[in-house]
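Encoded as C-alpha cells, the structure appears first; notes follow it.
The values are calculated or read from the model by the stated rules, or taken from the named source; none is laboratory data. All figures in this text were calculated on a predicted structure; none of them were measured in a lab. Every residue, glycine as well, gets a Cβ built from its backbone with ideal geometry; the counts of neighbours run over all protein chains shown.
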Amino acid sequence: MISQLKLIVFRDLLLATRSGGSWAQGSIFFILFIMLAAFALGPDQAERGFIAPALVWLAVTFASQLSLGQLFSEDLNDGSLECWVTDNRSLFVYVIGKLFSHWISNFAPILLLSPFAAIMLGADTSSVPILMISLLVGGPAIVLIGAMASALTANLRGAGLLIVLISGPLLASPLIFGVGAVQAGVINSVAMKLLGAISLFSLVLSPVISRLALKIHLE
Amino acid sequence: MLSYFANPVRFKTLSKWVAPILGIGAAVLIIPSWIMALFIVPADYQQGDTFRIMYVHVPAVFAASGAYAFLAIASFFSFVWRHPLADTAARVAAPIGAAFTFLGLFTGALWGKPMWGAYWVWDARLTSTLVMLFLFLGYMAIRAAIRDENISARIGAIAAMAGAINLPIVKYSVEWWSSLHQSASINLSGSEIDNSMSTTLFVGIIGYFCLFGWLVINNMLSELDTRRTRALVIRSSDQRPSTASKQSTGNPDA
Amino acid sequence: MVRGANGSGKTSLLRILAGLTSSYSGKLQHKFGDSKWNTGVSSGSIGWLGHKLGLKQDLSAIENLAIWNETYKQHGDISTALQKVELRNTQQRPVYTMSAGQKQRLALARLLLSNSQLWIMDEPGANLDSAGNKLIETLLQQHSEHGGIAIIASHDQINPDAPTSYIKLEQVATA
C-alpha cells in the first residue's frame, strides 16, 4: 500500500515537471491577487499592513482552489483511473497520494511565497512567523475541502468555477480561525487549536467523500 | 414504512390527499398570523411597528433551515437506497429552500436598517444564513451541471450531505467570529416576549412549514410528470429505427 | 467475443463486468466460484482496455509502461512488451506525439505487463490497421496459451484463432 502511495506521488511529481509549469499557476495567481489587493487598498502602507495577514489568507485560499481544478479530472478523462481501479487498486490510496503530491507541487510554493507577500503588503515582520504557522496548520483544511469539491465536480463542464461554488461556503471556517489565529498573536490560541481541529476533521472527511465521488464518476 | 411510500404510484395517490391538506393548512395558518401580526400584537416599546416584519422573517428562516435538513435527509435516502423519489424530493426542495433563505435574508436586511442603522450587519445569524443560501445554490449548480440523471442524483446527494456535516461547524465558527467584536446583536430569547407575539410566531412557523410541504409535493408531482414525458419522447423517437432489429432474434453471429 | 450494433450495450456490459458500473438491475453470475468477480479471477485483477487508454500524454512510451509496471508489481519486461507491439523505435517519444494507432498499441503493451488472467477489451482494434488487428489476434493466441481469457467487444475485424464463443447483443424493442 505504501509503495502504491509512493508511486502515485512520484508519478504526479514527474508529471508536474513535464506539465510546462502549470504547477506554478496557483503561485502566480497568488502574487497577482496580492498586487491587485494593494492597488485596491491605496498607497497607505500602515493601513495595508493592518489587514495584510487577512489578505494573505484570502489569497492563499483562492489560489489553492484555483489550482485544484485539474486534480482528478485528468486521470478520469485519460482513463488512468479506470485502469487503476480495474487492477483492484485502492481508490482511497489514490486519493491520499494525489493530495500529497498536490500539496508538494502546488501548495508548498504558495506557502513559500506568503511571507514575502505579507511583507510586501506592509505587515509587521513580527507577525510573519505566526502567519506562517497558521497557514501550515490551516492549509490542509483549505486543500482538503477544495479537493472534495474537485472530486465532486471532476468530469464536468466549467468545473473551475463550480469548485469554488461548492467549497466556498465551507471555507468560511478555516478562514475565520486562520485570520483569528494571526490576530491572537500566540501559537497556542483558541483559534489556532480550532484551526487544527478543522484540518484534522477535513483529513477524515475529504478523502472519504472524494473516494465516493470518484467512484460515481467512473461509471 | 418509508419503502411503502417510496412507490411513485402510491406517492401520487397519497399526495392527492396530503397536498391539499398542506395547502389549505398553509393558507389557514399564514393569513391569520399576518392579521394577528399587523393588528393584534401590540407595538414594541422600543422598535415601534417596524418589528412586525419579524413575522415574515423568523418563519422564513425556520423554514429555510428545515428545508436544508429535508434536503440532507432526502439526499441520504436517495444515496443509500438509490430511490428516485427521494432524489426528486431533494432536487425540488433545493430551489424552494433557497427562496425561503433569500426571503429570510431580505426581510432581515429590511429589519436591520431601523434596528442596527444598517441594512446588512455581519451578525452571526445573518452570516450563517447567507452561508446556507450558498450551500443551496452550490447544490443546484452541481445538479444542473451533470447531464446524466443517475450520476447527478448521487453526486448531488454527496454534496448535500457534505454540506450538512459542515454546516454546524460553519455556524459555530461564524458565531465565534462575530462574538469577537460584539456590538449590537439582538437576542430574542432574552427580551421579553408578549404572549400574543409568541403565539403569532408559532402559528406563522407552522404555516410556513405547511407551505414548504405543499410546494415540495406539487413540484415533485410536476417533476415526475416531466420525467415521464421525457422518457416517452425518447422512447417514441427510438421506435422508428429499431423496428428493423425487432424482427431479428438473438442469433449468435458465428 | 461480444458483438452487436452501436448502442446495443457492449460497453455497458463490459463496464459492469469490470466492476466499474454498479448501478444496474439484474444479477451478475459467473463460473469462478463464490468470491466476488473483481477478486475471483486468480491474479486478483482485471486487465482493462477501454476507450480511454490510461496513458499520460506528457510521458514517453517507456515511462508510461514503467509506471504501470510498478503499479502491477509483476516486474514484467518492458522492452519485450514494446517489442511485441512493435513500438521499440518510438519508445522514447512522448505519447502526445504518437498517432492514434501507436497509442492503441502502447495500451496493448500495458495490458501485457498487467499479467492478468482476465482481459476485458472494449474495441481493441480501434484506430489499428490490418497488421494491428493481426497483432491483437496473435496476442490473444499467446494469452490463451498461458491460460488466460479475454472478453472482447468488437466489430468484425478481429477473428482470433483461440477458442472463442460469440455473444450477440440485440436492441430490445420497447413497445
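If you go through the stretch A:61-100 and keep only what is closer than 25 Å to A:Leu161 by Cα, of a type in the set (Asp, Glu) and in a helix (DSSP H, G or I), you end up with A:Glu74, A:Asp75. Screening A:Val85, A:Val56, A:Val93 for residues that are within 14 Å of chain C (Cβ to nearest Cβ) and either more than 28 Å from C:Leu14 (Cα to Cα) or at pLDDT 90 or above (or both) leaves exactly one candidate, A:Val93. Sort out which residues of the stretch B:148-157 are surrounded by fewer than 21 Cβ atoms within 10 Å (Cβ to Cβ) and facing another protein chain (nearest Cβ under 9 Å), and write them in order of number. Of everything in the stretch B:148-157, those that are surrounded by fewer than 21 Cβ atoms within 10 Å (Cβ to Cβ) and facing another protein chain (nearest Cβ under 9 Å) turn out to be B:Asp148, B:Asn150, B:Ile151.
From the list B:Val121, B:Val92, exactly one residue is farther than 17 Å from B:Gly207 by Cα, touching a residue at least 60 places away in the same chain (Cβ under 8 Å) and not in a helix (DSSP H, G or I). Which is it?
Only one candidate qualifies: B:Val121.
Among the residues making up the stretch A:149-163, those that are at negative phi, facing chain B (nearest Cβ under 8 Å) and not in a helix (DSSP H, G or I) are A:Leu156, A:Arg157.
Conditions tested, residue by residue: (1) at positive phi; (2) touching a strand residue (DSSP E or B) at 6+ places or on another chain (Cβ under 6 Å).
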site: C:Lys73; (1), (2): yes, no
site: C:Leu82; (1), (2): no, no
site: C:Val85; (1), (2): no, no
site: C:Thr90; (1), (2): no, no
site: C:Pro94; (1), (2): no, yes
site: C:Gln104; (1), (2): no, no
site: C:Asn127; (1), (2): yes, no
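Which of the residues that make up the stretch B:158-184 are within 21 Å of the chain's Cα centre (by Cα) and surrounded by 17 or more Cβ atoms within 10 Å (Cβ to Cβ)?
Once the filter is applied, which keeps residues that are within 21 Å of the chain's Cα centre (by Cα) and surrounded by 17 or more Cβ atoms within 10 Å (Cβ to Cβ), the stretch B:158-184 yields B:Ile158, B:Ala159, B:Ala160, B:Met161, B:Ala162, B:Gly163, B:Ala164, B:Asn166, B:Leu167, B:Ile169, B:Val170, B:Lys171.
For the stretch C:103-134, the set of residues classified as without any contact (Cβ under 8 Å) to a residue 40 or more places away in the chain and crowded, with 19+ Cβ neighbours inside 10 Å consists of C:Arg105, C:Leu112, C:Gly125, C:Leu128, C:Gly132, listed by residue number. A count restricted to the stretch B:76-89 and to residues that are under 15 Å from B:Ser152 (Cβ atoms) and part of a helix (DSSP H, G or I) stands at 7.
Taken over the stretch C:69-86, the residue count meeting the criterion of being within 23 Å of C:Ser154 (Cα to Cα) and part of a loop (DSSP other than H, G, I, E, B) is 2.
Scanning the stretch A:134-144 for residues that are surrounded by fewer than 21 Cβ atoms within 10 Å (Cβ to Cβ), assigned to a helix (DSSP H, G or I) and either free of Cβ contacts under 8 Å to residues at least 24 places away in the same chain or in contact with a Cys (Cβ under 7 Å, 6 or more places away or on another chain) (or both) turns up nothing.
Residue-wise test of (1) within 13 Å of another protein chain (Cβ to nearest Cβ); (2) acidic (Asp, Glu); (3) within 27 Å of A:Val85 (Cβ to Cβ).
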| residue | (1), (2), (3) |
| --- | --- |
| C:Leu112 | no, no, yes |
| C:Gln117 | yes, no, yes |
| C:Gly125 | no, no, yes |
| C:Asp129 | no, yes, no |
| C:Lys134 | no, no, no |
| C:His146 | no, no, yes |
| C:Ala150 | no, no, yes |
| C:His155 | yes, no, yes |
| C:Pro163 | yes, no, no |
